[in-house]
Structures are given as C-alpha cells and as structure tokens.
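The values are calculated or read from the model by the stated rules, or taken from the named source; none is laboratory data. Please read these numbers as outputs of a predicted model, since none were measured by experiment. Positions of Cβ are backbone-derived with ideal geometry, glycine not excepted, and every protein chain shown enters the neighbour counts. For accessibility, only protein heavy atoms count, side chains too; no ligands or nucleic acids. Shrake-Rupley method; radii C 1.70, N 1.55, O 1.52, S 1.80 Å.
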Amino acid sequence: MLLNASLPAVAIEQKPAVNHVELTACIAEASPLRYTPAGIPAANFVLEHESEIVEAGVARQVKLTVRAVAFGALAEQTGQLALGKAFRFTGFLINARTSKSVVFHIQALEQVSEQVLNPI
C-alpha cells in the first residue's frame, strides 16, 4: 500500500470480506447424486448464463458457463430439477482443488419465470 507522507493518516474501517454471488442460470448438466467421504450428499452441475449487461454505457452480450456444486439437503432436492430451466442460484465462489478454475457453491435456489430472463 502506498502512502503519501504529506497527507494525514486516516483510519479506515475494516469490513469483513464478501463472497456472495447471485446468478440466474440454466442447468446445462447435472451429475448423479454422490456422497462425500464424510457421508454428505453432493451434486455437481454445469450452469449456463446468458444476458445483456450495460458496461461503460454500451450494451454487451454476456455468456457464462460455470461449474457448481450443492451439498446436504439441497443436493438431495436438486435431483428433481429439470435441465434447461432457469433458476436464481445464491452461494459463493472457491477455487477448484484440482485446477485454477472457479466452482460456484450453491446455498439456495429458486425457479425463475421465463419472463424474467427475456424481458424484451
């Protein structure tokens, strides 16, 4: 951190780190329910997101594919979710153990109506 010696020191409030993600996406792939060595249910997914976002005043088409995982009761419930349906996923991001890629850990989800995805 660079400090300018001519400026008085200012106390900066420390805020806790934030890792919270909300993503509207479709389930592109779903693996069968599995169990961790500790016996916790786990379900792996590939999620696909597509939208239009305004960035620096310009509309931009955004496409994203991300690996995701759910644990516990949520993992057990996801076996009934249809591929291709839109959901709003909430969770956090971590680095995958075996690579430098990101994995979205899902903590909650809700089905989204098709009108929300295509407001035009």
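At-a-glance table
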| read-out | value |
| --- | --- |
| Some residue of region 20-41 being modelled with pLDDT of 95 or more, open to solvent by less than 40 Å² (accessible area, probe 1.4 Å) and touching a helix residue (DSSP H, G or I) at 6+ places or on another chain (Cβ under 7 Å) | yes |
| Count - residues of region 29-63 that are part of a strand (DSSP E or B) and touching a residue at least 12 places away in the same chain (Cβ under 8 Å) | 15 |
| Output for region 19-28, where each listed residue is touching a residue at least 60 places away in the same chain (Cβ under 8 Å) and either touching a Gly at 6+ places or on another chain (Cβ under 9 Å) or not aliphatic (A, V, I, L, M) (or both) | Asn19, His20, Val21, Glu22, Leu23, Thr24, Cys26, Ile27 |
| Subset tally (residues that are closer than 14 Å to Gly91 by Cβ and loosely packed, with under 15 Cβ neighbours inside 10 Å) for region 42-72 | 1 |
